[in-house]
1. Rolling a 1.4 angstrom probe over the protein chains, ignoring ligands and nucleic acids, what is the accessible area of residue 77 in square angstrom, nearest 10?
2. Could you look at segment 1-53 and say what percent of its accessible area is carbon and sulfur, using a 1.4 Å probe and all protein chains?
3. Taking trypsin sites (Lys or Arg not before Pro) as exposed when DSSP calls them loop (any state but H, G, I, E, B) and at most 14 other Cβ atoms lie within 10 Å, what is the longest stretch of the chain free of them, the sites themselves excluded?
4. Run the numbers on segment 94-172 and let me know its relative contact order in percent, using alpha-carbon pairs under 8 Å that are six or more apart.
5. Along the charge dipole of the chain, which of 10, 131, 64 sits closest to the positive end, that is, farthest toward it, with unit charges on the beta carbon of Lys, Arg, Asp and Glu (+1, +1, -1, -1)?
6. Could you work out the relative contact order of segment 13-90? I mean the mean sequence separation of Cα pairs under 8 Å and 6+ apart, divided by the number of residues, in percent.
7. Would you kindly calculate the translational diffusion coefficient of segment 1-112, applying Stokes-Einstein with the Kirkwood radius from alpha carbon pairs, for 4 °C and a viscosity of 1.567 mPa s, and quote it in µm² s⁻¹ without decimals?
8. Using a 1.4 angstrom probe on the protein heavy atoms only, line up 110, 3 by accessible area, largest first.
Amino acid sequence: MSEYVLDKQYFVDVIKDLIKLAEDRKEYFTELDSAIGDGDHGMNLSIGFREVDKNLDEWQKESVNGFYKKVGTALLDKVGGSSGPLYGSFFMKFGLPVKTKGPDDGVTFEEFIEMMETGVNIIKKRGKSTTGEKTMLDTLVPAVETLKSAYEGGSAPKEAMAKAVEAGKDGLESTRNIVATKGRAMRLGERAIGHLDPGAASSAEILEVFYNHMP
């Protein structure tokens, strides 16, 4: 076990930044989604995180698991399209590996990796999807696999996360050349080639927020 610990404030600060991200990048995500989907990805994320923002002061008194469960539930309730159930499920299950910890307890890096794996696995299950289908998993799966392998291979925690972010960006870029087999983009067939997947794009930026707040 490492002595590197992410305190609860880290997890709160990540969500505060995701609230800002959802507003700042709303038009960009919408633009990506307009090309191959319903054009609502940016707006949906914005609506969901505005709801989170309303309740942040109260929720941050919870444990890490309790806090993220509430964030996920809000996204599940408020966000439409496919991103609501997927991101909602991710955040709802994210804290499960540390569910026995109290409101003042931090998280080891080993536990953080397990949290990321848990979140990604629920997206796979909920979306009945895997990599290579032009979805957010094309970003998240290589990122989390890289996070684990880099850390187990001797990289320091923040360095491992940096490698994960880069792997996620590479995964995002790979969606340009994929014919979608899930979601609304599926109906476009080969016409979806040349376009980035909006969920993969928002996932890449979410990972970067997790990285930026790491000590």
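The values are calculated or read from the model by the stated rules, or taken from the named source; none is laboratory data. Everything numeric here is computed off the predicted structure, so don't read it as measured data. Methodologically, a virtual Cβ is constructed for each residue, glycine included, from the backbone with ideal geometry; neighbour enumeration extends over all protein chains shown. Heavy atoms of the whole protein, side chains included, go into the accessibility calculation; ligands, DNA and RNA do not. Shrake-Rupley method; radii C 1.70, N 1.55, O 1.52, S 1.80 Å.
1. So the heavy atoms of residue 77 present about 120 Å² to solvent.
2. Working: 1160 of 2530 Å².
So the carbon and sulfur contribution to the accessible surface is 46 percent.
3. 129-215
4. Relative contact order comes out at 26 percent.
5. 131
6. Details: 87 pairs, mean separation 20.3, N = 78.
Once normalised by length, the contact order is 26 percent.
7. Numbers: Rh = 14.5 Å.
In µm²/s, the coefficient rounds to 89.
8. Values: 110 50, 3 180 Å².
Accessible-area ranking of 110, 3, largest first: 3, 110.
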